Amino acid sequence: MIRHRPFGSGHPYSVDTEQRSPVDPVAGEPLVLGVRGSASVTAVQLEWERDGVAQPPVDLARAATTSRGQIVDGGHLASAQARLARAAGGWRTELGGLRRGEALRYRFVAPREGTRWFETSVNGWTDGAPGVTSIGRDRVVASSGRELGDGATVRRVRFALPLAPGERVAGFGERYDRLDQRGTSLDSVVFEQYKNQGAERKTYLPMPFAHVVGGDGWGFHLRTSRRVWFDVGDGDAGMLWIEAETGADGALEIEFFDGSPREVLAAFVDRTGRAEELPAWVFRLWASGNEWNTQAEVMRQADAHRDHGIPVGSIVIEAWSDESTFTTWRDAVSTVRDGAEPKRLADFAFPAEGAWPDPKGMVDDLHARDVRVHLWQIPLLKMRPHPTGQLAEDAAAAIRDDVLIREPAPDGRPRPYRNRGWWFPLGLMPDLTDDRAARWWTEKRRYLVDEVGIDGFKTDGGEHAWGRELLYLDGRHGDEKNNTFPVHYAKAYGDLLRRSGKAPVTFSRAGYTGSGAHGAFWAGDENSTWEAFRWSLFAGLNAAASGIVYWGWDLAGFSGDIPDAELYLRSAAAAAFVPIMQYHSEFNHHRTPSRDRTPWNIAERTGDDRVIPVFRAFTELRERLVPYLAEEAARAVATGEPLMRPLFFDAPADDRVWDYPLQWMLGDALLVAPVTTPGAATATAYLPPGSWRDAFTGERLDGGRVVDRPTPIDELPVWVRADAWERLRGLFAR
């Protein structure tokens, strides 16, 4: 067997063995063509034509195999995928001397077998980009535009924006490595980077939008859902170069906004969707762990919160389902029926000895304790191993009712897309960008809301649409639609909750332009390290600058060994002053010692008797902050500004705020400067101009200067605007 896939897997940061690279050949650049062959293949040859003229055959050389980033970026592959990659051999060759506009036709042959013929054309860069349109004050540098195309079809455009000395550039969605991106290069593609997002500089939630702070004050937004690359003064210190994929006509709109960061963001969210105000209970502590996978364990943890006097407002249950349909509680029994027909609670029997003997009773009990319940979701139908029972019916109905994303088969006809991402490989993926398909999918979960009483959904795994050739139900393809999938995913579940008369509380990891209008977000999977702590805070500040109002992270990390007591408590202190405060932990196969991030487990594992009382104090403070947070969130939604915001929003002309990038305002009255390094007895922070009061001591301080403050483990540097002190001082009384 030999296989060639011109587009590869669609992994945006890796070239697979069997693909064409670049996918769109470029004149003056080498073209790599590769195949993957079974162990029996001993030789592979390329047969090819240029503008219909046969060329001498080319022998391919053996090559290392790569698959979905396995070698290139160390992505966390399922073991089955890794075994497949090792079992198949790679072959490649390189072509040069290609000319713009020429047509290429090629195939691969091996002894006793061969591939079909493939066709492509050679592209080249030419001066001018007439398809680029500026909206607002035009800042595109004259004569900087260029197009990449073959003479008939445009693939990309490139142009520059000027950067003045002293201007800073921030935003671009959720970015983990820094606040000011000037001097770097980055792109905008939704991607599941499992841990180390700050080092890898990849993100679940990009946006082709940024603030340019200082100087005149302005911002910009590329009105596209295709991939965009940004060179932010990296190659040329005085230029911000933009390169963007386009449709065949090369059309691309860039909108410019003038004004302060507040004005820029308000204009941006007016175009792309403002946040919807969520109920005040979302500001209470969220708690979860991947090993809370039975009713008994969930209630044990809820009891522990009660017994330790640590208030909790939401519990997220991740490992609740059968892990195949993602609509059925594990161990529940029901009769198989047509997969398009939603079930009701009465259709299930819950064995007393099962994992969830009474889900509704459990939810009712938690509601009686003033705790909301959220269930984990993933937008896939599991297809490995081969589905049986209700899952088989669900898959058959999804295919029959045409609610799935599709991809071209080798013969060119469409077939259901099979997931190429890490989780649940080869799963089927519903087209949640289509209203009919989204309702088909979510109605199967309606009994969970209407009858069990679920309050929200953790809408995880929105990054699995890989490949520009994917075909969506509206006729558009993956290059234009994949980035938008997580936006519609959260919307679909929010709409389900609305249909049941509930607030649209979703908790998503992935997103894109427009995501701010749909629920809450968390920063994704990360280790329990100080570095990851800082990366997560940068992510939150950039997300906020890009229009995300409701945001949090897994405080002190969720993966690997537990954090030490200092990291745990410093993270808890910071989390008490971001929009969503939550802890979570990764599945550890129930090995001992436990890796749960509950305060009682951290206390037991570290032997530090400060953990529970200090964590309790911060959650009690958080409870007192809820009315303030709800009031400030309502104002943020109404005005289009962030709830948690970088200091440049309040002092855009003050260059000193950039020296303290991990400080923020929480609402209009609170200035937060978390402790993000170990062993810190004091913290150095910058107070913007104005009059301030220390939240914990009441000390009056004038702003416009740098201050040092002691940092006992049960406090963090927080200041209150002096004019709000009398109103808020009681929140900090101990």
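In the set (1) out of contact with any Lys or Arg (no Cβ under 6 Å at 6 or more places or on another chain); (2) under 19 Å from GLU623 (Cα atoms); (3) touching a residue at least 60 places away in the same chain (Cβ under 8 Å); (4) of a type outside the set (A, V, I, L, M), THR325 fails one condition alone, (2).
I need the full set of residues from the range 679-734 which are of a type in the set (Lys, Arg) and open to solvent by less than 20 Å² (accessible area, probe 1.4 Å), in order please.
Of everything in the range 679-734, just one residue is of a type in the set (Lys, Arg) and open to solvent by less than 20 Å² (accessible area, probe 1.4 Å), namely ARG709.
Test ARG116 against the stated conditions and say whether it is over 22 Å from ARG182 (Cβ atoms), without any contact (Cβ under 8 Å) to a residue 24 or more places away in the chain and open to solvent by 30 Å² or more (accessible area, probe 1.4 Å). No.
Write out, first by first residue and then by second, each pair whose Cβ atoms fall under 6 Å of each other, whose residues are 6+ apart or on separate chains, and whose first residue, in the range 129-148, is at positive phi while the second is open to solvent by less than 30 Å² (accessible area, probe 1.4 Å) and at pLDDT 95 or above. Once the first residue is at positive phi and sits in the range 129-148, its partners that are open to solvent by less than 30 Å² (accessible area, probe 1.4 Å) and at pLDDT 95 or above give GLY136/GLU255; GLY136/PHE256.
Return the residue satisfying two criteria in turn: it lies in the range 198-241 and is under 23 Å from the mean Cα position of the chain (by Cα) and more than 23 Å from TRP466 (Cα to Cα), and of such residues it is most open to solvent (accessible area, probe 1.4 Å). Looking at residues that are under 23 Å from the mean Cα position of the chain (by Cα) and more than 23 Å from TRP466 (Cα to Cα), I get ASP231. When the criteria are applied in full, ARG446 fails the requirement of being open to solvent by less than 20 Å² (accessible area, probe 1.4 Å) and basic (Lys, Arg). For the range 128-152, the candidate set comprises residues that are in contact with a strand residue (DSSP E or B) (Cβ under 6 Å, 6 or more places away or on another chain) and open to solvent by 70 Å² or more (accessible area, probe 1.4 Å); within that set, the residue that is farthest from VAL35 (Cα to Cα) is ARG137. Counting only strands (runs of 3 or more DSSP E) wholly contained in the range 100-146, the ones carrying 3 or more residues that are within 30 Å of GLY219 (Cβ to Cβ) and at pLDDT 95 or above occupy 124-127, 132-135.
Matching residues to (1) touching a residue at least 60 places away in the same chain (Cβ under 8 Å); (2) among the polar types (S, T, N, Q); (3) over 30 Å from VAL23 (Cβ atoms):
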| site | (1), (2), (3) |
| --- | --- |
| TRP422 | yes, no, no |
| MET429 | no, no, no |
| ALA437 | no, no, no |
| TYR447 | yes, no, yes |
| VAL452 | yes, no, yes |
| LYS458 | yes, no, yes |
| ALA465 | yes, no, no |
| ARG468 | yes, no, no |
| LEU471 | yes, no, no |
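Go through the range 449-480 and count every residue that is over 19 Å from GLY516 (Cβ atoms), open to solvent by less than 10 Å² (accessible area, probe 1.4 Å) and within 22 Å of the chain's Cα centre (by Cα). Count: 6.
For residues that are in a loop (DSSP other than H, G, I, E, B) and farther than 26 Å from GLY462 by Cβ, tally how many sit in the range 157-193. The qualifying residues number 8. Of ASP24, ASP16, all but one fail to be under 23 Å from GLY124 (Cβ atoms) and under 31 Å from the mean Cα position of the chain (by Cα); the exception is ASP24.
At least 3 residues being touching a residue at least 60 places away in the same chain (Cβ under 8 Å) is the threshold, and among the strands (runs of 3 or more DSSP E) wholly inside the range 620-731 those reaching it are 644-646. For the range 607-641, the set of residues classified as within 30 Å of ARG271 (Cβ to Cβ), among the acidic types (Asp, Glu) and open to solvent by less than 60 Å² (accessible area, probe 1.4 Å) consists of GLU632, GLU641, listed by residue number. Under 6 Å by Cβ, and 6 or more places apart or on different chains, what pairs join a residue from the range 545-567 that is closer than 26 Å to ARG274 by Cα with one that is part of a helix (DSSP H, G or I)? Partner pairs satisfying both residue conditions: GLY547/VAL269; GLY547/GLY516; ILE548/GLY516; VAL549/ALA636; TRP551/GLY540; TRP551/ALA543; TRP553/SER536.
For the range 368-413, which positions are open to solvent by 60 Å² or more (accessible area, probe 1.4 Å), more than 30 Å from the chain's Cα centre (by Cα) and either modelled with pLDDT of 95 or more or within 28 Å of SER314 (Cα to Cα) (or both)? ALA368, ARG369, THR388, GLU393, ARG400, listed by residue number.
If you go through the range 104-113 and keep only what is touching a residue at least 12 places away in the same chain (Cβ under 8 Å) and either open to solvent by 50 Å² or more (accessible area, probe 1.4 Å) or out of contact with any Lys or Arg (no Cβ under 8 Å at 6 or more places or on another chain) (or both), you end up with ARG105, TYR106, ARG107, PHE108, VAL109, ALA110, PRO111, GLU113.
Every listed requirement among (1) open to solvent by 10 Å² or more (accessible area, probe 1.4 Å); (2) part of a strand (DSSP E or B) is met by VAL316 save one, (1). For residues in the range 13-25 being crowded, with 18+ Cβ neighbours inside 10 Å and in contact (Cβ under 8 Å) with a residue 40 or more places away in the chain, which is farthest from GLU47 (Cα to Cα)? Going through the qualifying residues, I end up with SER14. Looking only at residues in the range 642-652 that are hydrophobic (A, V, I, L, M, F, W, C) and out of contact with any Ser or Thr (no Cβ under 9 Å at 6 or more places or on another chain), the one that is surrounded by the most Cβ atoms within 10 Å (Cβ to Cβ) is MET644. Scanning the range 481-504 for residues that are β-branched (Val, Ile, Thr) and surrounded by fewer than 23 Cβ atoms within 10 Å (Cβ to Cβ) gives a single hit, THR484. Residues in the range 295-313 that are outside any helix (DSSP H, G or I), touching an Asp or Glu at 6+ places or on another chain (Cβ under 9 Å) and of a type outside the set (A, V, I, L, M): GLY309, PRO311, GLY313. When the range 33-47 is filtered for residues that are part of a strand (DSSP E or B) and open to solvent by 30 Å² or more (accessible area, probe 1.4 Å), the ones remaining, listed by number, are GLN45, GLU47. Quick one: would you say ARG274 is over 30 Å from ARG595 (Cβ atoms), among the basic types (Lys, Arg) and open to solvent by 10 Å² or more (accessible area, probe 1.4 Å)? When the stated conditions are applied, ARG274 passes them.
The values are calculated or read from the model by the stated rules, or taken from the named source; none is laboratory data. Note that this is a predicted model, so its numbers are computed, not measured. Glycine gets a Cβ as well: all are built from the backbone with ideal geometry, and neighbour counts include every protein chain shown. Accessible surface areas use protein heavy atoms only, side chains included; no ligands, DNA or RNA. Shrake-Rupley method; radii C 1.70, N 1.55, O 1.52, S 1.80 Å.
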